[in-house]
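Asker: The structure follows.
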Amino acid sequence: MSLRTSTPRADGFFMPAEWAPQSQVWTLWPERPDSWRAGALPAQAAFLEVIRAIARFEPVTVGASRDQFQNASQALAEADNVRVIELSNDDVWMRDCGPTFLIDGKGGLAAVDWEFNAWGGHHGGLYPNWDLDNQVAQKVAQLERVPRYATPEFVLEGGSIHVDGEGTLITTAECLLHPNRNPQLSQAEIERYLRDYLAVNTIIWLPEGMYNDETDGHVDNFCCFTRPGEVLLCWTDDESDPNYSRCRSALAVLDSSRDARGRQLVVHKIPIPAPVYAMLESEGGALGQLPDEDGQPERLAASYVNFLIVNGGIIVPGFDDPQDSVALTLLQELFPEREVVMVPGREILLGGGNIHCITQQQPRP
Ligand code: KQY
């Protein structure tokens, strides 16, 4: 399918909000032993719960490697609304290596194929080779027969941006201005890419994301739009929590921002769960799960904001924490027209992300 050499903005495409109607959700199947403990079996069970939860609302496509295709197919053989395809990958983070879908409001669908460098390339990247991940967006665009806009000279992960579909984008300086992504570009030049490829007009820069997030502070683990003019922000009142100052700095920016339509943002706060650590599972030997240099258990970047909006539903991770029910109730209030479904999030979190990170919605144009 065609590679476009113009920009999406020039061709009338824009990134819709996640709450816009969707035709399906894409994800990938875990197997990588240095990301997933115990032969990835616990992770595969966790992914199955997420996939089945989404499939209650809309179709899901699961990409599995050649080695895992049959295993994934068997595990999902009786799941309605799910197809498994063979799709080579380096790991599971479809939000980040997959395409960002665009619509034009006239029935057209397109995809942005951002350059992917595994969250930092050879300067802090999370695995040493990401060639297969870097082809995922192109393959998905071809499978769906949609035109593709590629940015081989600009690195971006889908989890580092959120849009309201009305011209506003939120991101974090911690991630997008990190020198391991696009060191040759100024902030203004990075904004140019966002404006040209997503057709946004107002960019809100939060200083940081969640503490100890392996992605250098992806916004999708920290703050998101819930509807035009309203955002949801991770929050803690515990002054000893390293997230305390991060939440307050973000709130200060949000409170003083206007969105693309000139609205002052309404900020909803969602508690973060009590600190979640990688402990017993470290025995499985996956990277990033061992105690840190001080011998302390590693704090994981657990967040309820890492949820996915689907047609008629919200799929949110739970952490066996008293705040789970608080988060569930708040999300149900914020999305009264959708059914909020909580699925266990710890096992996916051990790999470095959560439900939003492992999925990519395809809008229905
Ligand atoms: O989007 C994400 N949260 C990706 C995290 C990658 C972690 C690799 N171990």
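Asker: Find the residue count for the stretch 205-223, including only residues that are surrounded by fewer than 24 Cβ atoms within 10 Å (Cβ to Cβ) and either hydrophobic (A, V, I, L, M, F, W, C) or farther than 22 Å from A302 by Cα (or both).
Answerer: Of the residues in the stretch 205-223, 1 are surrounded by fewer than 24 Cβ atoms within 10 Å (Cβ to Cβ) and either hydrophobic (A, V, I, L, M, F, W, C) or farther than 22 Å from A302 by Cα (or both).
Asker: Quick one: what pairs do we get from the stretch 20-48, first residue over 15 Å from V62 (Cβ atoms) and among the small types (G, A, S), second in a strand (DSSP E or B) and within 12 Å of the ligand (Cβ to nearest atom), C-beta under 6 Å, 6+ apart or different chains?
Answerer: Partner pairs satisfying both residue conditions: none exist.
Asker: With V92, V25, V84, V50 as the choices, which residue is buried (at least 22 other Cβ atoms within 10 Å of the Cβ) and in a loop (DSSP other than H, G, I, E, B)?
Answerer: On the way: V25 fails: in a loop (DSSP other than H, G, I, E, B); V84 fails: in a loop (DSSP other than H, G, I, E, B); V50 fails: in a loop (DSSP other than H, G, I, E, B).
Matching residue, one of V92, V25, V84, V50: V92.
Asker: Please go through the stretch 331-365 and pick out each residue that is within 16 Å of the ligand (Cβ to nearest atom) and either open to solvent by 20 Å² or more (accessible area, probe 1.4 Å) or among the small types (G, A, S) (or both).
Answerer: Result: G345, R346, E347, G351, G352, G353.
Asker: Please go through the stretch 224-254 and pick out each residue that is open to solvent by 60 Å² or more (accessible area, probe 1.4 Å) and within 25 Å of I314 (Cβ to Cβ).
Answerer: R227, D237 - these are the residues of the stretch 224-254 that are open to solvent by 60 Å² or more (accessible area, probe 1.4 Å) and within 25 Å of I314 (Cβ to Cβ).
Asker: Go through the residues of the stretch 90-112 one by one and say whether even a single one is of a type in the set (S, T, Y) and within 16 Å of the ligand (Cβ to nearest atom).
Answerer: Checking the stretch 90-112: at least one residue is of a type in the set (S, T, Y) and within 16 Å of the ligand (Cβ to nearest atom).
Asker: Hey, does the stretch 34-45 have a residue that's open to solvent by 60 Å² or more (accessible area, probe 1.4 Å), part of a loop (DSSP other than H, G, I, E, B), hydroxyl-bearing (S, T, Y) and under 30 Å from F154 (Cβ atoms)?
Answerer: no
Asker: If you scan the stretch 128-148, which residues turn out to be of a type in the set (D, E, K, R) and either part of a loop (DSSP other than H, G, I, E, B) or in contact with a strand residue (DSSP E or B) (Cβ under 7 Å, 6 or more places away or on another chain) (or both)?
Answerer: Scanning the stretch 128-148 gives D131, E144, R145, R148.
Asker: Could you list, in sequence order, the residues of the stretch 6-21 that are open to solvent by less than 40 Å² (accessible area, probe 1.4 Å) and touching a Phe, Trp or Tyr at 6+ places or on another chain (Cβ under 9 Å)?
Answerer: Selection gives T7, P8, F13, M15, P16, A17, E18.
Asker: Taking the stretch 127-149 only, how many residues are modelled with pLDDT under 95 and either surrounded by 16 or more Cβ atoms within 10 Å (Cβ to Cβ) or over 20 Å from S65 (Cβ atoms) (or both)?
Answerer: 0
Asker: Return the residues of the stretch 118-132 that are over 18 Å from E174 (Cα atoms), more than 10 Å from the ligand (Cβ to nearest atom) and either under 20 Å from the mean Cα position of the chain (by Cα) or β-branched (V, I, T) (or both); say none if nothing qualifies.
Answerer: Passing the criteria: W130, D131, L132.
Asker: Out of all the residues in the stretch 54-65, which are small (G, A, S) and open to solvent by 10 Å² or more (accessible area, probe 1.4 Å)?
Answerer: Matches in the stretch 54-65: A55, S65.
Asker: A further question on this structure: So is R66 assigned to a helix (DSSP H, G or I), away from the ligand (no atom under 16 Å from the Cβ), at pLDDT 95 or above and among the charged types (D, E, K, R) or not?
Answerer: no
Asker: Mind checking whether some residue in the stretch 163-175 is within 16 Å of the ligand (Cβ to nearest atom) and over 15 Å from the mean Cα position of the chain (by Cα)?
Answerer: Yes; the residues of the stretch 163-175 include at least one that is within 16 Å of the ligand (Cβ to nearest atom) and over 15 Å from the mean Cα position of the chain (by Cα).
Asker: Here is a follow-up. Has the stretch 270-277 got at least one residue that is touching a strand residue (DSSP E or B) at 6+ places or on another chain (Cβ under 8 Å), of a type in the set (A, V, I, L, M, F, W, C), within 13 Å of the ligand (Cβ to nearest atom) and at pLDDT 95 or above? Can you show your working first?
Answerer: Of the stretch 270-277, the ones touching a strand residue (DSSP E or B) at 6+ places or on another chain (Cβ under 8 Å) are 270-272, 275-277.
After this cut, where a residue has to be of a type in the set (A, V, I, L, M, F, W, C) as well, the list is 270, 272, 276.
Going one step further and asking which of them are within 13 Å of the ligand (Cβ to nearest atom), we end up with none.
The answer is no, given that none of the residues of the stretch 270-277 is touching a strand residue (DSSP E or B) at 6+ places or on another chain (Cβ under 8 Å), of a type in the set (A, V, I, L, M, F, W, C), within 13 Å of the ligand (Cβ to nearest atom) and at pLDDT 95 or above.
The values are calculated or read from the model by the stated rules, or taken from the named source; none is laboratory data. What you see is a predicted model, and the numbers here were worked out from it, not measured in a lab. Methodologically, a virtual Cβ is constructed for each residue, glycine included, from the backbone with ideal geometry; neighbour enumeration extends over all protein chains shown. SASA here: full protein model, heavy atoms, side chains in, ligands and nucleic acids out. Shrake-Rupley method; radii C 1.70, N 1.55, O 1.52, S 1.80 Å.
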